[in-house]
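Heads up: the structure comes next, in structure tokens.
The values are calculated or read from the model by the stated rules, or taken from the named source; none is laboratory data. The shown structure was predicted, so the numbers you read here are calculated from the model rather than taken from an experiment. Reconstructed Cβ throughout: ideal geometry from the backbone, glycine too, with neighbour counts over all protein chains shown. Only protein heavy atoms, including side chains, enter the accessible area calculation; ligands, DNA and RNA are left aside. Shrake-Rupley method; radii C 1.70, N 1.55, O 1.52, S 1.80 Å.
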Amino acid sequence: MAEVDVVYILQKLVNLLHEEEHLFRGLQDHVKIILKQMQRLMMFLNDVVQSNKADIRVRLWLQDVRDVARCIEDLLEAFIFQVSPLATKPVPTSTTRRTDFMGDLIAKLRIAMADCRGLRMEIQQIKIKIDNIDHHKRRYYGIHDIDLGSMTWTRRTSSLRERSSTLSASPLSVVGFDSDARTLLAFLNDPDPRLQVISIVGMAGSGKTTLAKKVYNSTKRNRLVIDFDNSANYNIHFEWHLWINACQGCEPFQILEDIATQMLGKKKPEKRTSVEDLTEDISEWLSNKRYLMVIDDVWDIAVWVTLRAALPAESVNGSRIIVTTRDREVASFLKNCSSSHTNRHHKLQLLDENKSWELFRNNAFPRGHDHDCPTELKNLGKQILKSCGGLPLAIEEIGNFLCRRKKTQSVWSATVETLHSRPFSLLKQSSQQLALSYHNLPCNLKWCFLYCTVFPPESEIHSGQLIRMWFAEGFLHPRLGTLTPEEIGQDYLDRLINKNLIQATRKGPNGRITRCCLHPLMRNMAISEARQLDFVSLYTENDFEFPIKCRRLAIHSNSTGKYIPLVVHSATHIRTLVCLNQDQTGYLLPIKQLEFVCGGLKLLRVLDLESVQMSELLDVIGTLVHLRYLGLKRAGLRKLPSTICRLHNLQTMDLRYNSLGRLPIEMGNLQNLWSLDVRHNLITIIPNSICTITGLRHLSMDDDVQCGHLQFHTIRNLESLSVARVGNWIENGFINLTNLKRLGIYGGFYVDFEEQLWDTILNLGSLYSLKLEGFGSITLPKNSHQHLCKLHLSGRLRKLPNLHGFLTATNITQLLLSWSKLKQDPMATLEKMPKLKILKLKMLAYVGKRMVCSASGFLRLRHLELKHLMRLRDWKIEKGSMPRLERLSIGWCLKLKMIPEGLQYMNSLRELEVFWMLPRFRERLVRDDGEDWFKIRHVNSVVVEGTPNNPSQI
């Protein structure tokens, strides 16, 4: 897929010429000619890609195109590196120094003119190379612009589609789908007679086809369908059952033809009939039939546009359609296909540890043989399952592989090693299915997806960090309209999650994804593809490859210095260097290597040195004129050089967890800075020049930074500000920050400005997250903020009734209270909040002894956390309360006697975490033997750990 790199480079060059136009005076015509030639080649390439007929000859030729495109990229960016300091270096005020400066400038201008002449000569050489590539396309590769139909070699994705169709016809073993099947049977049994479309969504290999087949077959047996655990039965009857395979690349006509064949018994005609004829025949035949139709593996909405026309307009006989798809966007569209407009959407989860082991054991040890796994192999089996990440197809595939091998430690150990280094050599079916999802992406999403491999395995990726890296790399291009690059990046991330290539692990209060990760097998597939494209190279303790021409390097090691010298050979190519010292032990980077990183990698756009310790950041960092992203989290820095303010392209600066005492006063020179994070430092004063960066959108500080002198209102684009200490800025134009979305304020909330503060907050229409930390008391207003989703209050609340009007009429989904010292049971008020999903009561938020959650309360709550409620003794949960609760966390509630009654009725509860509770509390939770075990035995994950210090003193 070399076209991914070519399209990216061409787009990047166009943006580069636009951004640095003033540096290319006299060269525009030469550069534009090259771009025009490359774009003409790309027009041909796009035609080939869209025709799906790109053969081996095109791929070989495309490698030549990519090499030249990269050559142009290196050439222009190296030229900018040489010339840019002449345009950005400030002029001294002293007369003597000014004379010296002008002399130096004239000398450098002469050098620059020579560079321009040299650049013209190199451009001429590139133009010759492009002409040769165009000529070779015809002469040596036999490729012609128009004669695409003559190509006989099929694209790799085409063969993958064919294999996908074959694989989808062979469902997995039925393990772990009983709960999912019950949900689908309930959908089918809905008394509403209108047509309903039910979607099953999940990543490739998650068992969508298996689940659909299980339900499909159960409804074919007889009219009375018994539930899969014999807990219920359904009166479900369909006159007709149809199963349609709609693999990737399947045309809508083929779908209609398949339906007609199954329903009408028609053989495929020798001459192709029209879509209109098939649509009319199917619609007429279905008009009075009650049917169950399964459309398996739908990729394209176009299939539905055609199919909907063939369905009777007003079907009221209880017919149902089940659709399996790996794309949530397709599933969302299906609502329009239901006559009842009922959105029956079922997300298929991956298998948990227990179900994964059951499926693995069923395949590795069939019941015809010894069905129990030998004790000495169990730990190795767990390691094997970890590589599969709960994906049923992979678990079944590796189980079948081991079934045919000797059951010895040596064989299983070798399997573990192979899964770590070359997983797809054993998991061929899984690799084909996962590769289909990737190859179906447009180029811009492919760049973003492959870039995720710079993060370590099994780590959560902060979506904000990922999007800012995408922006720095040039993956996000503003479109016409009002969307910012960050909004475009969020859209890209949502699309990758919807297509099940990236997994969402945490959401913010406004519903946006804040944390994500890559499935282990999806990550391995991405690494393989990235290596083929020279897109990303990874250095780890167990894996090393020489990058040579690679553009991006990621070092995931505890000894970063071992690998830095090896980067020298590819210094002229590297755009991204990410070094993550995973154990955070504080490896000290030697000064020579630091000099190379700060000054030798001249074309760097992204530099992230998390937990890589350095004695200081060198002045030479100011020469990295292409740098857009600078991450120095936990780098042990005590001082920043003023030269860092010469990085006029810098967009993101992450300085968290250092020992910085101040920032350079020239910070205002960073006019392209979007995000500045200086939390967890020794900084107490922010320079005034920060407020001159009009494009700044995110500013994060510690709560002891003095902000009274800052004019925040001049930063009109500011979207997040935290945590700002109370001061005059609240009265001086704070109301002008109309783009503010996230706000954190620290200080004493006294009556003298309290009213004005709330009047301003209530008028910030874009605000959705508010954090107030006070050492006084907090009074909430009577009116509510209609857009506020997340509220964090740390400080004493005067009276609970004051909460009632503000909270129960809002859209708040997340609420955190700490140090509130409420004496009345807060649950009576909080349980009435209509949209509350996450509630955290911490650090003496409630100082009473008894707490009750009523039967009709907390209808949407999913996560409840109680910590350091030191006086709480009794907690009662009435049956029917918190019907959607998924996670419960209890800690340091040292007088609480037991897990509350009522938990046994919460079927939705999946996780229970108990920590730092007294032994008598924990003993009641012992599996099978504890007095309270019956209340939580249905919970999938129960974690009980920790013992308080000096419990006898409590």
Handout entry: Accessible-area value, Arg194, 1.4 Å probe, nucleic acids and ligands omitted, Å²
Key = 100
Practice task
List the chymotrypsin sites (Phe, Trp or Tyr not before Pro) within the range 664-755 that fall in a DSSP loop (any state other than H, G, I, E or B) and whose Cβ has at most 12 other Cβ atoms within 10 Å.
Solution key: Tyr750
Practice task
Taking 7 Å along the Cα-to-C-beta vector as the label spot, tell me the Ile685-Leu762 distance in nanometres, rounded to one decimal.
Solution key: 3.8
Exercise for the section: At 25 °C and 0.890 mPa s, grab the translational diffusion coefficient of the range 510-651 from Stokes-Einstein with a Kirkwood Rh over Cα pairs, rounded to a whole number in µm² per second. Expected result: 154
Fill in the blank from the handout: Computed over the range 856-944, protein heavy atoms only, probe 1.4 angstrom, the accessible area per residue in square angstrom equals 50
Practice task
Grab the alpha carbons of the range 672-752, take their convex hull, and tell me the volume per residue in Å³.
Solution key: 86
Practice task
Can you pull the one-decimal nm distance between simple spin-label points at Asp178 and Lys639, each 7 Å off the Cα toward Cβ?
Solution key: 6.8
Practice task
Give the carbon-plus-sulfur fraction of the accessible surface of the range 813-880 in %, rounded to a whole number; probe 1.4 Å, heavy atoms of protein chains only.
Solution key: 50
Exercise for the section: May I ask which residue of Leu426, Gly389, Gly474 lies farthest towards the positive end of the charge dipole of the range 376-480, with charges of +1 (Lys, Arg) and -1 (Asp, Glu) on Cβ and the Cα centre as origin? Expected result: Leu426
Problem - Cleavage-rule hits (GluC sites (Glu not before Pro)) in the range 386-458: DSSP loop, at most 11 neighbouring Cβ within 10 angstrom - result: Glu458
Exercise for the section: Give me the distance in nm between label points sitting 7 Å out from Cα along the Cα-to-Cβ direction at Leu264 and Arg850, one decimal. Expected result: 7.3
Problem - Prolate/oblate/rounded call for the range 431-488, Cα gyration tensor, a/c under 1.5 rounded - result: oblate
Completion exercise
With all protein chains present and a 1.4 Å probe, the order of Ser722, Ser818, Ser179 from largest accessible area down is Ser179, Ser722, Ser818
Completion exercise
With R₀ set to 30 angstrom, the calculated FRET efficiency between the beta-carbons of Ser559 and Val943, to the nearest 0.05, is 0.35
Practice task
Rounded to whole Å and sorted largest first, list the principal axis extents of the Cα atoms in the range 852-909.
Solution key: 27, 17, 16
Practice task
Once you have all Cα-Cα distances for the range 600-751, histogram them in 5 Å bins from zero and send the whole-percent values.
Solution key: 2, 10, 18, 24, 20, 13, 8, 4, 1, 0, 0, 0
Problem - Apportionment of accessible area to carbon and sulfur, the range 556-651, percent (1.4 Å) - result: 51
Problem - About the Cα centre, charge dipole magnitude for the range 588-699 (Lys/Arg +1, Asp/Glu -1 at Cβ), debye - result: 100
Problem - FRET efficiency, Asp190 to Leu566 (Cβ-Cβ, R0 60 Å, nearest 0.05) - result: 0.45
Fill in the blank from the handout: P(r) over all Cα-Cα pairs of the range 350-399, 5 Å bins from 0 to the longest distance, whole percent per bin, short to long, reads 5, 23, 36, 23, 11, 1
Exercise for the section: Write down Rg/Rh for the range 615-703, rounded to two decimals, with Rg from the C-alpha atoms and Rh from the Kirkwood relation over Cα pairs. Expected result: 0.91
Practice task
Could you order Glu276, Glu358, Glu487 so the one with the most accessible surface comes first? Probe is 1.4 Å.
Solution key: Glu276, Glu358, Glu487
Exercise for the section: Classify the range 837-954 as rounded, prolate or oblate, taking a ≥ b ≥ c as the square roots of the eigenvalues of its Cα gyration tensor: rounded when a/c is under 1.5, otherwise prolate if a/b is larger than b/c and oblate if not. Expected result: oblate
